[in-house]
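Notes to accompany the following structure.
What follows is calculated from the coordinates using simple rules that are stated; it is not laboratory data. The shown structure was predicted, so the numbers you read here are calculated from the model rather than taken from an experiment. Here Cβ is always computed from backbone atoms with ideal geometry, including for glycine, and neighbour counts include all displayed protein chains.
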Amino acid sequence: MASEEHLKLIKQGIDIWNAWREKNPEINPDLSQADLRGAKLQKIDLGNSNLKGCKLQFSNFTGANLEGANLTQAKLQETCLQSARMKNCNLSGAGMLETNLQYTDLENANLEGAQFNEDTLLNQTNLKGAILTSATGLTSTQLRQTFTDKQTRLPDYLEEEMDDDFLLQF
């Protein structure tokens, strides 16, 4: 359950929140299960925060720092995470239908079992080292718009599709 103190702080606005984070870098905020639907949180510092099970639909996190955050089972439908820093995030089981992840850094993120769809935007998204096993709704077309490497672990259905695309080039 979310800390009442942390909820009060975030509701006071990004400037107050970021100033508090700067003064208290040793604190890992707990906003688990919070309802922040529709929040305007551009450039907010939520690095290493517990956002497990948060309702974040329709929110704007453009340019936010979410590195190392726990977003397990978070609801991110139609959320803008464009250009967010999300290295080492845990997004396992997160709902990411129609989410904007363009230019987002998801290097080494855990996206196991996350739910995507054809309207999830992945243009120029960094998925190097990301774990996408058992993720649903991704297409090879979306994946071709991202940056991946040998450590990126794709869902079985996508690995097969990508292998078929490779063979078609010959």
Report task. Check every DSSP H run in the chain and write down those whose alpha carbon atoms cover 24 angstrom or more along the long axis and whose mean Kyte-Doolittle hydropathy is 0.5 or greater. Result -> none
Query - Sparsely packed GluC sites (Glu not before Pro) within segment 4-52, loop by DSSP, other Cβ within 10 Å at most 16 - result: Glu26
Requested in this report: Report Rg (one decimal) and Dmax (nearest whole number) for segment 3-125, counting Cα atoms only, units Å.
Outcome: 13.0, 41
Report task. Would you look at the GNM of the chain, springs on alpha carbons closer than 10 Å, and say which of Asn65, Asn24, Asn126 moves the most? Result -> Asn24
Query raised in the report: What distance in nm separates the simple spin-label points at Thr136 and Asn88, each placed 7 Å from Cα in the Cβ direction?
Result: 3.1
Report task. Determine the percent antiparallel among the DSSP beta bridges restricted to the chain, to the nearest 5. Result -> 0
Report summary line: Of the listed links Lys11/Lys128; Lys40/Lys128; Lys23/Lys55; Lys55/Lys150; Lys11/Lys43, those spanning more than 24 angstrom between alpha carbons are Lys11/Lys128; Lys40/Lys128; Lys23/Lys55; Lys55/Lys150
Report task. Calculate, in nm to one decimal, what Lys23 and Arg37 gain on full extension: separation in residues at 0.36 nm each, minus their alpha carbon distance. Result -> 2.4 nm
